[in-house]
Amino acid sequence: MKFIDKKILLLLFLSCLISLGQEKVIIFSINDMHSRIENFSKIKPLIDKEKGKGNKVFFVCAGDIFSGNPVVDNYTEKGFPIIDLLNRTGLDISVIGNHEFDYGQSVLSDRIAQANFPFVCANFSGGRGELSNVKGFEIIQKDGFSIAYIGAVETGNFGRYPLTHPKKVEGLFFTNPIKIFQDYKIINENSDIDLIVALTHLGKSGDEKILENFNYIDLVIGGHSNHIYGKRHENGYMIMSGKNLEMISKTTLSVYKGKIIDFKFEKIDLSYEGLERDSNIDLLIQTYKDNPSFYKKIGYSSINHTRAETGCFYTEAIREITNVDIVIQNSGGIRSNLKKGIITPIDIYSIDPFGNGIGSFLVTPGELKLFLKKYNKRYSISSRTNVELKLNGDIEVYRNGTKVGDDERISLAMNDYISNTYSKYLPEPLYAYPFTTAEYIIKYLNNHAGEILNFENCNRF
């Protein structure tokens with residue numbers, strides 16, 4: 001009995017020692033905002049409240065802050081509103097996501113220069129020098145507690161560059177985003193660093209691979225696949241916080257001698273109206289949204305269109321503007337549905353936020369077949385009434401009921417994201433149109449003023 005009492009006392013004593021040596025750390029994290037700004041006024045009070053308690057508070061982002069909101073994407077300084085709001089809410093650090101490149105390297109460089117926080121990405125180098133200031137990792141310290149954040153971005157379907165317009169990353173060199181963590185093991189030997197965090201834009205499977213292969217990583221805060229979780233996996237912990245600033249994660253850690261000994265994950269729904277708002281941030285958001293040209297009526301839809309029906313509208317509009325036989329549009333480039341009611345420019349920019357151009361081509365049936373087989377993605381298609389594509393089995397092209405000969409040419413148009421990504425399977429472009437796809441769709445609607453759009457039951461994906 002006395003032996004048991006002594007053992008219990010010893011355990012209590014050791015527990016007290018550990019408790020005294022523990023550091024309580026709070027990390028707020030977001031990812032894949034895609035320029036959504038409406039909920040920023042609810043974020044600042046959450047963070048300020050925890051800082052007011054004397055806690056060590058970090059606020060981090062796992063990439064894709066740009067592309068998805070016309071207010072931000074079409075601002076005079078593209079993307080600046082989101083940088084401004086992140087500055088005002090006290091972001092500490094962000095990894096570069098694939099959509100950070102959507103505006104081009106020069107614009108990204110300008111936005112990075114305006115940020116009060118660093119961007120990190122370890123698996124690329126800035127060939128043009130515009131992004132040469134982006135480091136592979138950064139150490140952020142709060143009240144004597146230091147976290148090293150190592151950044152990594154996905155490298156797309158081909159493993160060569162992230163999922164963005166190829167021309168936007170010309171001159172940049174990307175390496176394997178998982179293997180790159182081998183080069184940063186030495187950070188673990190720095191006794192001044194309390195935690196090592198992989199701040200990634202790789203998706204869930206990539207984050208899992210990091211923890212499976214590199215036990216020096218304590219925590220992965222990730223983005224790209226839009227999951228919501230906070231959990232233990234293999235050697236460490238992993239977090240992801242959804243998309244579109246619909247929520248923010250609050251992770252409370254107890255850290256002892258560089259190890260996480262307690263992990264608590266909370267997801268905070270930013271749509272909840274009971275959350276405190278910052279009135280100054282609200283006013284600023286309203287100022288950014290106050291652009292009358294965005295809300296001018298340019299058309300009317302009689303139904304709520306599905307994604308496939310929206311794709312029909314999109315490709316029909318581009319085909320009329322370009323006057324070609326066939327238009328192809330990738331399904332992933334259609335980011336929202338055409339809703340019932342008045343159509344405004346902001347609706348079109350929401351459907352098509354990427355600012356892609358259009359290119360046209362003259363192709364033989366054989367060249368079209370090869371391209372579609374190599375492309376092998378979901379897409380929407382529009383053809384003239386006298387052109388028919390049979391996609392069940394082999395691809396055949398018919399005009400006026402007669403199969404198009406092997407040496408005949410068909411005019412084809414598509415956005416230049418597709419054509420640049422799969423350029424090896426296409427001939428040289430016939431013509432590059434001077435405006436963006438969204439601008440041409442707005443032109444189409446202006447040409448059809450007074451008409452009511454209805455693409456019900458159209459499914460050409």
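The values are calculated or read from the model by the stated rules, or taken from the named source; none is laboratory data. Keep in mind that what you see is a predicted model, and the values were worked out from it rather than measured. Here the Cβ positions follow ideal geometry from the backbone for every residue, glycine too, while neighbour counts run over all protein chains shown.
With respect to (1) farther than 30 Å from D143 by Cβ; (2) touching a helix residue (DSSP H, G or I) at 6+ places or on another chain (Cβ under 8 Å); (3) at pLDDT 95 or above; (4) not hydroxyl-bearing (S, T, Y), the lone exception for L172 is condition (3).
In segment 375-395, the residues that are closer than 15 Å to I318 by Cα reach residues that are at pLDDT below 80 and not small (G, A, S) with C-beta atoms within less than 6 angstrom, at least six apart or across chains, in these pairs: S380/R460; S380/F461; I381/R460.
In the set D32, D64, D48, which member is touching a Gly at 6+ places or on another chain (Cβ under 9 Å) and either modelled with pLDDT under 95 or surrounded by fewer than 22 Cβ atoms within 10 Å (Cβ to Cβ) (or both)? Walk me through how you get there before you give the answer.
Details: D32 fails: either modelled with pLDDT under 95 or surrounded by fewer than 22 Cβ atoms within 10 Å (Cβ to Cβ) (or both); D64 fails: either modelled with pLDDT under 95 or surrounded by fewer than 22 Cβ atoms within 10 Å (Cβ to Cβ) (or both).
Testing whether each residue is touching a Gly at 6+ places or on another chain (Cβ under 9 Å) and either modelled with pLDDT under 95 or surrounded by fewer than 22 Cβ atoms within 10 Å (Cβ to Cβ) (or both) leaves just D48.
Step by step: first the residues of segment 104-123, then only those that are at pLDDT 95 or above and either assigned by TED's automatic domain parsing to the domain that holds G355 or assigned to a loop (DSSP other than H, G, I, E, B) (or both), then the one that is surrounded by the fewest Cβ atoms within 10 Å (Cβ to Cβ). Which residue is that? Among residues in segment 104-123 that are at pLDDT 95 or above and either assigned by TED's automatic domain parsing to the domain that holds G355 or assigned to a loop (DSSP other than H, G, I, E, B) (or both), the one surrounded by the fewest Cβ atoms within 10 Å (Cβ to Cβ) is N116. The C-beta contact set for segment 128-155 (first residue assigned by TED's automatic domain parsing to the domain that holds I178 and under 29 Å from S191 (Cβ atoms), second residue surrounded by 18 or more Cβ atoms within 10 Å (Cβ to Cβ) and polar (S, T, N, Q), distance under 6 angstrom, 6+ apart or interchain) comprises A152/N123; A152/T200. Inspect all residues belonging to segment 145-158 and state whether any of them is closer than 26 Å to K424 by Cβ and touching a Cys at 6+ places or on another chain (Cβ under 7 Å). Scanning segment 145-158 turns up at least one residue that is closer than 26 Å to K424 by Cβ and touching a Cys at 6+ places or on another chain (Cβ under 7 Å).
Here is a yes/no grid of residues against (1) outside the structural domain of G63 (by TED's automatic domain parsing); (2) out of contact with any helix residue (DSSP H, G or I) (no Cβ under 7 Å at 6 or more places or on another chain); (3) more than 30 Å from I193 (Cα to Cα):
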residue: V220; (1), (2), (3): no, no, no
residue: S225; (1), (2), (3): no, no, no
residue: R232; (1), (2), (3): no, yes, no
residue: S249; (1), (2), (3): no, yes, no
residue: S254; (1), (2), (3): no, yes, no
residue: D269; (1), (2), (3): no, yes, yes
residue: E273; (1), (2), (3): no, yes, yes
residue: N280; (1), (2), (3): no, yes, yes
residue: I285; (1), (2), (3): no, no, yes
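Residues in segment 281-338 that are among the basic types (K, R) and either touching a Cys at 6+ places or on another chain (Cβ under 9 Å) or in a helix (DSSP H, G or I) (or both): K289, R307, R319.
I want to confirm something. Restricting to segment 393-412 and keeping residues that are assigned to a strand (DSSP E or B) and modelled with pLDDT under 90, which single residue is farthest from I328 (Cα to Cα)? I'd like the intermediate steps shown before the answer.
Step one: list which residues in segment 393-412 are assigned to a strand (DSSP E or B), which gives 396-399, 402-403, 410-412.
If we keep only those that are modelled with pLDDT under 90 as well, we get 396-399, 402-403.
Values: E396: 16, V397: 14, Y398: 17, R399: 18, T402: 22, K403: 20 Å.
My answer is T402.
Of the residues that make up segment 277-288, is at least one β-branched (V, I, T) and without any contact (Cβ under 8 Å) to a residue 40 or more places away in the chain? Please lay out each step first, then the result.
Looking only at segment 277-288, we keep the residues that are β-branched (V, I, T), and these are 281, 285, 287.
If we keep only those that are without any contact (Cβ under 8 Å) to a residue 40 or more places away in the chain as well, we get 287.
So far as segment 277-288 goes, yes, one or more of its residues are β-branched (V, I, T) and without any contact (Cβ under 8 Å) to a residue 40 or more places away in the chain.
Looking only at residues in segment 292-311 that are loosely packed, with under 15 Cβ neighbours inside 10 Å and in contact (Cβ under 8 Å) with a residue 12 or more places away in the chain, which one is nearest to N459 (Cα to Cα)?
Restricting attention to segment 292-311, the residues satisfying the condition of being loosely packed, with under 15 Cβ neighbours inside 10 Å are 292-293, 295-297, 302, 304.
Add one more test, that the residue is in contact (Cβ under 8 Å) with a residue 12 or more places away in the chain, and what stays is 293, 295-297, 302, 304.
Values: S293: 32, Y295: 29, K296: 29, K297: 26, S302: 17, N304: 14 Å.
Step by step, filter segment 292-311, then rank; the result is N304.
The single condition from (1) out of contact with any Leu (no Cβ under 9 Å at 6 or more places or on another chain); (2) on the phi < 0 side of the Ramachandran plot; (3) outside any helix (DSSP H, G or I); (4) not assigned by TED's automatic domain parsing to the domain that holds I418 that N244 fails is (2).
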